[in-house]
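The structure appears below as C-alpha cells.
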Amino acid sequence: MAKQSIELEGMLYGRKAKVQVEVLGKCPVCGGWVFDPINDFKGEPAKSFSCQKWYSKECTFGIWKEFCGKKLSEAAVIELLDSGKTADTVKGLKSQKGTIFDSRLMLDKDYKVRLFREPAAEEENKQSDSDGSEE
C-alpha cells in the first residue's frame, strides 16, 4: 500500500474533530490507520508512528521512528505494515556496543520491530552446532 490521504474523525481533547492525515497502512492489532502524527499532544516532535486509536486508548500499537540508532523511513514502515518485514536491508543500524551493521526488519508476534533473521542462516547455525554425528 502506498501513502494515502484520509480524513479521520474522533474525539480530540474532549471535542469532536476531523483531521486530514497521510496514512501509512493498517494497524496489525486493531485494523485502524497508522500515521505519522508529526507532533505529540504537547506540541513536541512525535517519536513514533501511531495507530489512530492510540489517542483514545483503544489500541497500543506504534512503531518507534528510530530503531538501533537509525531513523526509519516511511517506506520501511509501509513495508512492515503490509507484509510484516522489509524487503531490503536497512543500512547503518547500530548495536548497543556501537557496531554498525545492516539487517532486514520484521514485526514479531507482539507487533514490535525486531531484526529479521534469514531462515537459511538459522539452518546453517543448527548444522554448525552439531558435532557431525547422526543420532
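With the simple model of a label 7 Å out from the Cα in the direction of the Cβ, LYS97 to LYS85 spans 2.5 nm.
For the pair ALA75 and ARG117, a Förster radius of 25 Å applied to the C-beta separation gives a FRET efficiency near 0.70, rounded to the nearest 0.05. The amide H of CYS68, built 1.01 Å from its N in the peptide plane, has no neighbour under 5 Å, considering only residues 5 or more places off or on other chains.
Across segment 53-69, coupling constants 3J(HN,Hα) worked out from phi with the 6.51/-1.76/1.60 Karplus curve, θ = phi - 60°, read 8, 5, 5, 9, 6, 8, 8, 10, 6, x, 10, 4, 5, 10, 9, 6, x Hz, and Gly and Pro carry x. Restricting the GluC sites (Glu not before Pro) of segment 19-111 to loop positions (DSSP other than H, G, I, E, B) with no more than 16 neighbouring Cβ atoms within 10 Å leaves GLU58.
Coordinate-derived values only; no laboratory data. Quick caveat, the model's predicted, so the values are computed rather than measured. Methodologically, a virtual Cβ is constructed for each residue, glycine included, from the backbone with ideal geometry; neighbour enumeration extends over all protein chains shown.
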